[in-house]
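A.B. asks: Before I ask anything, here is the structure I am working with.
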Amino acid sequence: MAVIGDGVVGACCALAASALGYDVLLVGRHDQKLRAVRGIAAVQTANSAGATSSLGRWAPVAIIDTVQSANAFALYADLVPPAEGEIVFSGWIPAGSQWGVDWTHVQSRELRCQFVSGLTRERILTTLELMRSGQLPIEKLISVRASDQFELTMREVASAQLSAVAVVLDWRSFASASD
């Protein structure tokens, strides 16, 4: 299995798939984020700059696409095996966004597609159990904790100056500071 996207959703998908016993290749464009995930679980990583050859060698039967762009789709569109491959589109897409998925290509290759975007009792219970057992150590993805520097942290995240896998904002500290 390959996961496209090294943000929080992609990192968590890679960790969960690894915890469930899958061999996982995480493809992303941020080396710091890829290293963080590789340091937590038995997940292989590839920078998207050289991802086509890495994905070709990996030969994934399933893709979890957390980016959902034309460039992301182009990375794996011809690598998922016809009639048996599966693409899972995971994550949130803003309203009005245009996808880069060539649906004719997907249909001609007879690929199965799933769209995962909601919470269900089963998903929550499975995730909590993986976290409790230590198989899904998502707390290790937190590379920045902001309480006193809330505004500065938000500016750094928004301007891409902060290269963090996950940021925790302590709203309680923020609320008490503004009182």
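A.B. asks: Looking at the stretch 124-142, which of the residues that are exposed (fewer than 12 other Cβ atoms within 10 Å of the Cβ) and not small (Gly, Ala, Ser) is nearest to Trp92 (Cα to Cα)?
C.D. replies: Step by step, filter the stretch 124-142, then rank; the result is Ile124.
A.B. asks: Residues that are at pLDDT 65 or above and within 16 Å of the chain's Cα centre (by Cα): does the stretch 125-136 have at least one?
C.D. replies: Yes: one or more hits.
A.B. asks: Which condition breaks for Leu75 when tested against (1) touching a Leu at 6+ places or on another chain (Cβ under 7 Å); (2) not in a helix (DSSP H, G or I)?
C.D. replies: Failing condition for Leu75: (2).
Rundown of residues vs (1) touching a residue at least 60 places away in the same chain (Cβ under 8 Å); (2) surrounded by 12 or more Cβ atoms within 10 Å (Cβ to Cβ), yes/no style:
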| site | (1), (2) |
| --- | --- |
| Ala72 | yes, yes |
| Val80 | no, yes |
| Glu86 | no, yes |
| Phe89 | no, yes |
| Ala95 | no, no |
| Gly100 | no, yes |
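A.B. asks: Do you know which residues across the stretch 1-43 are surrounded by fewer than 19 Cβ atoms within 10 Å (Cβ to Cβ), of a type in the set (D, E, K, R) and assigned to a helix (DSSP H, G or I)?
C.D. replies: Of everything in the stretch 1-43, those that are surrounded by fewer than 19 Cβ atoms within 10 Å (Cβ to Cβ), of a type in the set (D, E, K, R) and assigned to a helix (DSSP H, G or I) turn out to be Asp31, Arg35, Arg38.
A.B. asks: Next up: Which condition number does Ala46 fail, the rest of (1) surrounded by 16 or more Cβ atoms within 10 Å (Cβ to Cβ); (2) part of a helix (DSSP H, G or I); (3) small (Gly, Ala, Ser) being met?
C.D. replies: (2)
The values are calculated or read from the model by the stated rules, or taken from the named source; none is laboratory data. This one's a predicted model, so the numbers in the text were calculated from it and none came from an experiment. Here Cβ is always computed from backbone atoms with ideal geometry, including for glycine, and neighbour counts include all displayed protein chains.
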